[in-house]
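S.K.: Below is a structure I'd like to ask you about.
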Amino acid sequence: MRPPHTPHELPAFPVYSSSFLSENELVLGGGGGTAKAGIKNRLRVFNVGPQRSLDQIGEVELEVGEDAPMSMVANREARSIVCGINSSEKSMEKGINEHCRVFTLDENTPVLSKTRGTIPTTDPSDYQKVTVLSPDGTLLAVAGAHDIAFLHYPSLHPFAESIHTENEIYDATFSGSTITVVTTANLTIYSLPKTSVEPSTPSVKINKVKGKGKSAKVASNTATPKLEVLQTVAVPPIPGALPTFRSARYHPTNDQIIYATVNATTPRTKKTKTPQRQSFVYKWNTTTWTVERSRKVGDRALTKLKLFYLSPDGKFLGYGTSDLTVGLLDATNLSPLAGILKAHDFPPTTIAFNPTSTLLISGSADASVRVVSIPGTIASGSWTLTVLILLAIIVALLAFAARDYL
């Protein structure tokens with residue numbers, strides 16, 4: 001099914017991150033990054049109209065030399081957003097990278113209210129690719145390529161020790177009592193503190209941590225505990241291929257379900273000049289850690305960013321692939337519900353659902369956004385049932401016709 005959708009061009013604004021503040025308020029992050037191409041890095045606020053129109057209502061321009069907002073999550077109750085924005089190269093050369101940034105909406109203008117640096121490196125290629133909030137909005141996890149920090153929100157004080165991983169980090173997801181960190185090789189499940197209430201006077205000191213290039217100044221809390229590992233889940237084996245995890249999400253209303261995407265690459269052979277790539281979605285039961293369902297969603301790997309999200313009502317899985325497709329799966333049985341081929345000229349870099357699960361947006365570095373309406377037939381979960389009813393009617397008509405013919 002091809003759902004109603006509307007494309008929008010945003011000249012000189014390559015899009016890299018997105019989040020909804022309300023049913024029709026959308027924040028986009030983008031720009032030219034650190035490239036000296038004259039394309040400014042910005043956060044822009046839009047109103048999404050009833051017919052999928054997109055009208056800009058606010059904006060903030062970042063400082064010259066800073067990176068584009070590469071990841072984002074919104075706290076709707078506080079009308080704030082957390083972004084991953086690397087400091088300028090000059091600041092990073094001095095060991096300063098305040099990449100974790102909180103913006104609060106003043107009317108429709110994002111205003112910077114708090115910053116923190118957690119990535120222990122000044123390598124400009126390492127950036128905050130993961131930015132996720134806990135379901136109650138009190139805990140925050142931010143991560144670069146190999147380091148993930150766990151912070152109270154909105155203070156940004158640590159609630160647990162940061163973790164360094166050998167395998168590259170691609171995602172993280174909170175349940176009510178755990179956080180799962182996604183690396184290429186594993187899902188590692190950690191228990192959260194029994195209480196998320198922040199101490200009134202946390203003790204903070206500044207550490208100088210060696211990283212690639214020069215050392216970086218990273219704030220740390222001297223009293224933070226280590227998170228306990230509850231479970232480690234290896235990437236599922238795929239015959240003849242090299243699989244890697246790319247993203248994961250807990251079901252928003254059922255902590256006993258977690259979904260994860262896996263990319264699999266088949267090595268080149270004499271018959272195949274280029275490696276063959278495939279993408280899969282898995283649905284796990286977190287009580288037994290067994291796979292309940294899996295589905296292949298493409299012949300090419302999912303895009304490098306975590307383009308895989310659950311709708312707030314838990315009914316849909318939205319995804320984007322490197323063949324330019326944006327699609328929807330049924331969260332119950334992983335069956336395809338809708339798809340838009342060539343949604344962008346470049347692979348999509350971000351997707352987001354609105355809070356009512358009636359809209360899905362996708363953005364791309366080609367400076368475009370596509371607004372997709374989720375039809376009522378899909379939203380009511382009746383699409384599969386409708387197909388079965390139609391098939392039953394066709395079979396009955398054929399049987400009736402055959403009886404008359406005989």
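S.K.: Of all the accessible heavy-atom surface of segment 1-57, with the other protein chains kept in place and a 1.4 Å probe, what percent is carbon and sulfur?
M.R.: Exposed carbon and sulfur together represent 49 percent of the surface.
S.K.: Which value, in Å², gives the accessible area per residue of segment 1-84 when a 1.4 Å probe is used on the protein heavy atoms? Spell out each step's value before the answer.
M.R.: Working: 3690 Å² over 84 residues.
Spelled out: the 1.4 Å probe surface of segment 1-84, per residue, equals 44 Å².
S.K.: Sticking with the crude label model, points 7 Å out along Cα→Cβ, report the distance from Thr356 to Thr232 in nm, one decimal please.
M.R.: Here the answer is 4.6 nm between the modelled labels.
S.K.: Relative to the present Cα-Cα distance, how much length would full extension add between Ala78 and Thr6 at 0.36 nm per residue of separation? Walk me through the numbers on the way to the answer.
M.R.: Values: separation 72, 0.36 × 72 = 25.92 nm, distance 2.96 nm.
Additional length available on full extension: 23.0 nm.
S.K.: Suppose R0 equals 60 Å; then what is the FRET efficiency for Asp55 and Arg268 from their Cβ-Cβ distance, rounded to the nearest 0.05?
M.R.: Plugging the Cβ-Cβ distance into 1/(1 + (r/R0)^6) gives 0.80.
S.K.: Provide Rg over Rh for segment 1-138; use the alpha carbon set for both Rg and the Kirkwood Rh (inverse mean inverse pair distance).
M.R.: On the way: Rg = 15.4 Å, Rh = 15.6 Å.
Ratio of gyration radius to Kirkwood radius for segment 1-138: 0.98.
S.K.: Right, here's the next one. Round to the nearest 0.05 the FRET efficiency obtained for Asn285 and Ala223 when R0 = 30 Å and r is the Cβ-Cβ distance.
M.R.: 0.25
S.K.: Further question on the same structure: Checking a compactness column here: for segment 308-375, what do you get for Rg(Cα) / (2.2 N^0.38 Å), N being the number of residues?
M.R.: 1.02
The values are calculated or read from the model by the stated rules, or taken from the named source; none is laboratory data. Since the structure is predicted, the reported quantities are computational estimates derived from the model, not experimental observations. Neighbour counts are summed over all protein chains in view; Cβ atoms, including those assigned to glycine, are modelled from backbone coordinates with ideal geometry. To get the accessible areas, we keep the full protein, side chains included, count just its heavy atoms, and leave off ligands, DNA and RNA. Shrake-Rupley method; radii C 1.70, N 1.55, O 1.52, S 1.80 Å.
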